[in-house]
Amino acid sequence: MKNNFPLLSGIDSPADLKKLRVEQLPAVCNELRNFMIHELSTNPGHFASSMGAVEIVVALHYVLDTPNDRIVWDVGHQAYAHKIITGRRDMFSQNRTMGGLSGFPNPNESEYDTFIAGHASNSISAGLGMSIASELCKDVDRKVVAVIGDASISGGLAFEGLNNAAMQENNLLIILNDNDMSIDRPVGALSNYITNLSTSKRYNNLRYKIYTFMRRHGMIGDSGKGIMLRFNNAMKSMLTGQQNIFEGLNIRYFGPFDGHDVVRMVKTLKDVIEMKGPKILHLHTIKGKGYKAAEKDPTTWHAPGKFDKLTGERVKSSGEGKPLKYQDVFGHTLVELAKKNDNIVGITAAMPGGTSMSMLQKVYPKRTFDVGISEGHAVTFAGGLAKEGKRPFVAIYSSFLQRGYDEIIHDVAIAGLPVTFCIDRGGLVGEDGVTHHGMFDLAYLRCIPGIVVSAPINEHDLRNLMYTSQLDGKGPFAIRYPRGNGVMVDWCSPMKEMTVGKGKVLRRGEKVAVLSLGHIGNNVIKALDRLETEKNVKVSHCDMVYLKPLDVELVKEMIATHHHIITVEDGTVMGGLGSAVAEVMAQGKNDCELTRLGIKDEFIDQGTVPQQQKICGIDVESIYNYILTILEK
């Protein structure tokens, strides 16, 4: 390693980085990029965002006294270089693997990771809390920096944090990493505003030089900063005819600066970090910086999978003869439905590609709405559309939909509005780990009155549930499906209505009945096939289809005709299918026993989906062994 990365090989902590001359930092940045290209080409991860933030990482750790000073990352996509120079370089080959490094900053992994960072827009609020806590603890020398992207700052939580930062006494520095990207292209007026921020570089450079000159010569102190800031804002507004949105909040604004000029960034940070009061440093960066293919197509290279580091050619497995991804079946089906129902519209929150809402966007751009990183708004926006006769399909990842929970209840469910929630990435998601598992949706939706909660076992049922949800007379309707491929090559079946609240008996047997919900039922099918083949044992299996309303009559029939019920779900066992069945069993006297299989009351770390299923006891082998143990009693 020393030959290929002579500087990086000697950096085991930020203290080692500080031993270098500032003129050596560009070379460190180049080595970091080459190291990430080398590692991520074979062990895939989030590529383009981290490539674009290298200079920010190096400058911050060079200037700050980390880990005593705090860096709060907004989403961990941009923080790989941070992991590498904070003692995890030699473990980086195990990034996003079971027992290895988390793909996102995690305080349980390193003292340099100050806050969990898997969802967008939380850094300003968390950083503000840390900054004020330092003041309360009289730790006045501690510096706190929140690093947030131009897409994340459009989120409502970020604006709540900005508003509070302007009101509270604090010294938080907010770094706006502006690469004009999120995962897909950012949308909305704020994104356009940041891109075209009228405050010129010349003006900011002049103001910055004047401020630092006056500060160094004792011409301005903390007591007069408020008056000076308001006077400055008023003069600039009068001269330019516009007001900077951040300075309108009385947060000092500096920039935009080149986020890839690490030497200048070090000088700027040293001056800005000592200023009292909240401030924002606006840096322009290029997502994918240093790798031409990623710079040219940053959306694809957000998480490109394996690739040839020399040619930039991505390694793609042949999809021929394989089932489609569930998200693509959703996308194709939505287009098919929209052609027949003019009232259907599509909504996603900054993930048109990730949810395949992009398919509808391509065919019906005026009926497709990407609202940016604004899940709560997406839900309420859908409610407004539904109130006026439209049939919104809202496609959001399960873990991100958590951010719109109040809106589901208050703005959709209470009024019984016909909004279809297509919940992608339901269940265990693999390498993205603890912050991205869709493990809570079944439980948190089941308790909401009036909402239908469903999960298809295969692509045909996904299509049928989507068709059912947009029929007249239907209210709020949730359809939950997993990340990855389905199970059917011939997925494009004629669509038909599925009776709400009715499950399906897939197999009849004796003594033991397995009740499953959703795609995880395919693991049950494989386990029962093996039992029949190897042990000549027949066990009943019901695909419940609907968690709410539950097919109570089917559950009671299984209880009455079997000695033992096993529920299997790819979600938390607390509040999900197992809980629903237990509630039915508690209503009457019976001798039937119940075993609930699913995700236990714990968070599951990163790894492959099969590894995670094994930990939770819902893989084929575990289900097989559970049933065999019960039968042998």
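The values are calculated or read from the model by the stated rules, or taken from the named source; none is laboratory data. All values reported here derive from a predicted model rather than from experimental measurement. Don't worry about glycine lacking a Cβ; one is built from the backbone with ideal geometry, like all the others, and counts go over all protein chains shown. When the accessible area is computed, the model is the full protein with side chains, heavy atoms only, and any ligands, DNA or RNA have been set aside. Shrake-Rupley method; radii C 1.70, N 1.55, O 1.52, S 1.80 Å.
Using a/c under 1.5 as the rounded threshold, could you call the stretch 425-477 rounded, prolate or oblate? The axes a ≥ b ≥ c are square roots of the C-alpha gyration tensor eigenvalues, and prolate needs a/b larger than b/c, oblate otherwise. It comes out oblate by the Cα gyration axes. In percent, rounded to a whole number, the relative contact order of the chain is 11, using alpha-carbon pairs under 8 Å and six or more apart. Straight-line cross-link partners of Lys504 among the lysines, defined as a Cα under 20 Å from its Cα and at least 8 positions apart when in the same chain: Lys496, Lys526, Lys538, Lys548, Lys556. Given axes a ≥ b ≥ c from the Cα gyration tensor, I'd like to know whether the stretch 1-73 is rounded (a/c under 1.5), prolate (a/b larger than b/c) or oblate. In terms of gyration-tensor shape, oblate. Selection among Met558, Val272, Ile175 by position relative to the dipole of the chain gives Val272 as farthest towards the positive end (Cβ unit charges, Cα centre). Rg ratio for the stretch 346-500: its Cα radius of gyration over 2.2 N^0.38 Å, N being its residue count, equals 0.97. For the stretch 424-575, the gyration tensor built on C-alpha atoms gives a rounded shape. Its axis ratio a/c (a ≥ b ≥ c) stays under 1.5. Can you find, among Tyr364, Ala350, Gly384, the residue sitting farthest towards the positive end of the charge dipole of the stretch 318-426, where Lys and Arg contribute +1 and Asp and Glu -1 at Cβ? Selected residue: Tyr364. In the full protein context, the chain carries 42 Å² of accessible surface per residue, based on a 1.4 Å probe and ignoring ligands, DNA and RNA.
Projected onto its three principal axes, the C-alpha set of the stretch 531-612 covers 41, 34, 22 Å, listed from the longest axis down. The spread of Cα positions in the stretch 29-166, taken along each principal axis and listed from longest to shortest, comes to 45, 30, 29 Å.
Over 30 Å apart at the Cα level, from the set Lys287/Lys390; Lys306/Lys535; Lys83/Lys267; Lys362/Lys614; Lys306/Lys366; Lys306/Lys362, are Lys287/Lys390; Lys306/Lys535; Lys362/Lys614; Lys306/Lys366.
Our note on the geometry: Cα centres of the stretch 460-496 and the stretch 42-105, 39 Å apart.
For the stretch 514-581, trypsin sites (Lys or Arg not before Pro) are listed when DSSP marks them as loop and at most 16 other Cβ atoms sit within 10 Å of their Cβ; the list is Lys538. When +1 charges are put on Lys and Arg Cβ atoms and -1 charges on Asp and Glu Cβ atoms, the dipole computed for the stretch 254-406 relative to its Cα centre reaches about 100 debye. Per-residue ellipticity at 222 nm, computed for the chain from helices alone with -39500 (n - 2.57) per DSSP H run of at least four residues, works out to -11000 deg cm²/dmol.
For the peptides 69-78, 308-317, residues were scored by their other Cβ atoms within 10 Å and the scores averaged per peptide; the highest-first order is 69-78, 308-317.
For a straight C-alpha distance cut-off of 20 angstrom, the aspartates and glutamates reachable from Lys18 (same-chain residues fewer than eight places away being disregarded) are Glu31, Glu55, Asp65, Asp69, Asp90, Glu111, Asp113, Asp141, Asp261, Asp271, Glu274. Residues whose amide H lies under 5 Å from that of Ile396, counting only those 5 or more places away or on a different chain, are Cys422, Asp424; hydrogens are built 1.01 Å from N in the peptide plane. The solvent-accessible area of Thr561, taken with every protein chain present and a 1.4 Å probe, is close to 90 Å². Using Cα atoms only, what is the angle between the long axis of helix 521-535 and the major principal axis of the chain, expressed in degrees (0 to 90) to the nearest 10? The helix 521-535 is inclined about 50 degrees to the chain. How big is the Cα convex hull of the stretch 440-510 in projection, averaged over all directions, in nm²? For the Cα atoms of the stretch 440-510, the hull's average projected area reads 6.6 nm². Our Cα-only numbers for the stretch 57-104 put the radius of gyration and Dmax at 11.2, 34 Å. Axis angle, to the nearest 10 degrees, between helix 201-216 and the longest C-alpha principal axis of the chain: 60 degrees.
Sorting Tyr253, Tyr364 by accessible area puts them as Tyr364, Tyr253; the probe is 1.4 Å, largest comes first, and only protein heavy atoms count. Remark: spin-label model distance Asp141-Leu506 equals 6.3 nm, labels positioned 7 Å along the Cα→Cβ axis. Percent of accessible area on the chain owned by carbon and sulfur, 1.4 Å probe? Here carbon and sulfur together make up 52 percent of the probe-accessible area.
Once the Cβ-Cβ distance of Met98 and Asn625 is raised to the sixth power relative to R0 = 25 Å, the FRET efficiency obtained is 0.75. The accessible-area ordering, largest first, of the residues Met544, Met98, Met498 stands as Met98, Met498, Met544, per a 1.4 angstrom probe. A simple charge model with +1 on the Cβ of Lys and Arg, -1 on the Cβ of Asp and Glu and nothing else charged puts the dipole of the stretch 41-145 at about 220 debye relative to its Cα centre. In terms of packing, defined here as the mean over residues of other Cβ atoms within 10 angstrom, the peptides 53-65, 386-398 line up highest first as 53-65, 386-398.
Around the Cα centre of the chain, unit charges on the Cβ atoms of Lys, Arg, Asp and Glu (plus for the first two, minus for the last two) sum to a dipole of about 1440 debye.
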